[in-house]
Structures are given as structure tokens and as C-alpha cells.
Amino acid sequence: MSKEQKACERFKTSIGGQALIEGILMRGPEKDAVVLRKAGELNIEVKDRKILPEKSALKWPLIRGVYNFFDAQVTGVKALMRSADFSEEEVSQEKSKLDTWLEKKLGSEGFERFLTGFAVFFGIGLSVVLFFLLPMVIGSFFYRWIQSTLVVNLIEGLVRMVIFVCYMLLISRMSEMKRLFSYHGAEHKTIRCYEAGLPLTLENVRPQTCLHPRCGTSFLLVVMVLSIFVFSVASSVLLGLVPALAQIRGTFLYKIVMILFKLLLLPLVVAFSYEVNRYVGRHDNALTRIVTAPGMWFQNFTTNEPDDSMIEVGIAALKAVLPEQEGADQW
């Protein structure tokens, strides 16, 4: 963050969002808003968020990270599906026999929950396979020659980062994704303007940067980096508790055991990453700037400059979720 950007920030908000197909999902402390543009008009849908009791176990450190991750995934998928439906041309489309059968068996609401659950499961599953399982399999080939658990996990981490960077670079070149990333930029610009204490107008939002330290991209990078540390420590502990594993090192059984063990540790990695991001989001010092620097740099590939119509969507979405009590959205 430059000195100019740092000077503009008056406070840090917990409000965040997600780019959609011709729209933006914005999540505030009390409400969620989906704002979509079609034929020049804005469609604004606002829903109250489920507020957890103050003493709920889902608010405990580490547990809250896993809960908030899955909650964000479900809400994001629902909003993305809504934007896809809304953007379709108004033409009659016959449902497939499978869709008709499922809707008949499950009902309209049950069918929607099924689609959402399947989309979340498929999305998370694909991410786990591509960014974790594949690097683990590649790293497992080094067990025979490398005795150091840390070195093997560093190799896995390097492979994971290469796959992630290549994946993001490839999709950033897709024409459909370029508009999505422009809406991502509009979301960031709008939040930057709000955090600077400026009125939410086109003139004030336009000059803001598309980069934001509390973006989900930064969270993903923290997950990948922390996985190296967590996997290394946990693997060393496992080998200490089960000495028999060292005797079969390099075998197919050893590879399977270690891969399954690391997959079971993923919720813990997500939980730790959430706590790190929570701390980083609330503080501004040399350490937090170092932690956020890779994510800020990587946003150059996941955000594009938006046009005024996209910024208008961002402004409408942010205004829709502002809390009634000023400052209630303090990070």
C-alpha cells in the first residue's frame, strides 16, 4: 500500500464482496446485497444475514474460520447462480428430464438447495484436487530420495503456487473473465472510497486503486503458504507418534497415508489462515504489509479497471449493506 493510499484510509471495514456475471455481491455485517445490471437497469436484491448468538461456538477462534469459509462459499454460489439466471436472454428453455425429475422429487426449494450444494461441493472439490491433491501426489514421488519432511512440503508448496499462478493467468485471458474481473475492480474501488471517508460518487470512486489488502485472493495465498508450515509440523508429529511409518517411507502405502493425512488437515489450514487474515486486516505495520504484499501484487491479474456502469453497481451494492449504526462494520 502506497503512502498516498495509506493516508486516505480512515478506517477498515468488514464489508466485502464478490464479482458476479454483470453484477456484484456485497456482504455487510447485517445484510447481503446482490446488484445486477441488465438492459441498463439495476436490479437490487437485499437479504438479512443470519446473525450468530454472541456465545455461539461458531464464533470461537479457529472454528469461526471454517464456518465463515463455507458460509461464504454457499452465499457466493447462490449469488453467482442468480446472476447467471438473470443474465440469460428471456427465451423459453425446456428443462432436461433429469432437472424435471429432481424438481418433482425434491420440490422447487429442495431442487435449488441440491443445485447449490452440488455447486459448492464441486467447486471446493475441484480446488482441493487441483491445488492440493495434485501437488501432494507430485511431492510424494520425492519421499524415496528426500528424508526431510520440510523439504518435501516446500516442493509441494512450490508446485501448488505454480499451478495456482498458471491457472489464474489462463482464466484472466478469457474474454468472459475480463468483465468479471472488472466488476471485481469496481467492488474494490468502491470499498476503498468508503474506507477513505469519501461520499460514494462516481467522481470519488474512479481514482481509487483496484487493489485491496483484505481481498479473498490474499486469503487464498495465505492458505497456500500456511499449508507448508502446518503440513510440515503435523507430518513430523505423525512420524514421531507412529514410528512404523518411517519404515515404509517411499512405498505406495506411505504416500497414500500422508496424502490422506494432509487432506484431513485442510480445515485446520483454513482456520489458521482466517485468523492470520483477521489479524492482518486489523493492523498496519511492517509485518502485515509483508504478509499482504503477494496478494496485493497478484490482484493485478484478478482485477481490471471498471467502467462507470460497473462502478455504479458497486456503489449501489455497498450502499445497500451499510449498517444502520455508523461504525458497526468496523473490521
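Key figures for this structure:
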| read-out | value |
| --- | --- |
| Test result for Arg160, assigned to a helix (DSSP H, G or I), modelled with pLDDT of 85 or more, of a type outside the set (Asp, Glu) and in contact with a strand residue (DSSP E or B) (Cβ under 8 Å, 6 or more places away or on another chain) | no |
| Residue match in region 196-206 (condition: β-branched (Val, Ile, Thr), surrounded by fewer than 20 Cβ atoms within 10 Å (Cβ to Cβ) and either in contact (Cβ under 8 Å) with a residue 24 or more places away in the chain or touching a Gly at 6+ places or on another chain (Cβ under 6 Å) (or both)) | yes |
| Tabulated pairs, region 31-57, first within 20 Å of Asp308 (Cβ to Cβ), second of a type in the set (Phe, Trp, Tyr) and crowded, with 17+ Cβ neighbours inside 10 Å, C-beta under 8 angstrom, 6+ apart or interchain | Leu36/Phe86; Lys38/Phe86; Asn43/Phe86 |
| Qualifying residue in region 205-212 (condition: out of contact with any His (no Cβ under 8 Å at 6 or more places or on another chain), in a helix (DSSP H, G or I) and not aliphatic (A, V, I, L, M)) | no |
| Top-ranked residue of region 131-157 - restricted to ones that are part of a helix (DSSP H, G or I) and among the aromatic types (Phe, Trp, Tyr), ranked as surrounded by the most Cβ atoms within 10 Å (Cβ to Cβ) | Phe132 |
| Per-region count, region 267-301, residues under 15 Å from the mean Cα position of the chain (by Cα), among the aliphatic types (A, V, I, L, M) and farther than 22 Å from Ala234 by Cβ | 1 |
| Residues (touching a helix residue (DSSP H, G or I) at 6+ places or on another chain (Cβ under 6 Å), open to solvent by less than 40 Å² (accessible area, probe 1.4 Å) and either more than 16 Å from Phe132 (Cα to Cα) or in contact (Cβ under 8 Å) with a residue 40 or more places away in the chain (or both)) located in region 256-274 | Ile259, Lys262, Val269, Val270, Ala271, Ser273 |
| Selection from region 307-319 of residues that are open to solvent by 20 Å² or more (accessible area, probe 1.4 Å) and either touching a Gly at 6+ places or on another chain (Cβ under 8 Å) or more than 14 Å from Gly17 (Cα to Cα) (or both) | Asp307, Asp308, Ser309, Glu312 |
| Test: Arg82 is among the basic types (Lys, Arg) and part of a helix (DSSP H, G or I) | yes |
| Unique match (being under 29 Å from Ser87 (Cα atoms) and without any contact (Cβ under 8 Å) to a residue 24 or more places away in the chain) among Ile171, Ile191 | Ile171 |
| Within region 23-74, considering residues that are farther than 22 Å from Ser273 by Cα, assigned to a strand (DSSP E or B) and among the basic types (Lys, Arg), the one modelled with the lowest pLDDT | Lys38 |
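The values are calculated or read from the model by the stated rules, or taken from the named source; none is laboratory data. Model, not experiment: these values are computed from the prediction. We place every Cβ from the backbone using ideal geometry, glycine too, and count neighbours over all the protein chains shown. These accessible areas exclude ligands, DNA and RNA; they are computed on the full protein's heavy atoms, side chains included. Shrake-Rupley method; radii C 1.70, N 1.55, O 1.52, S 1.80 Å.
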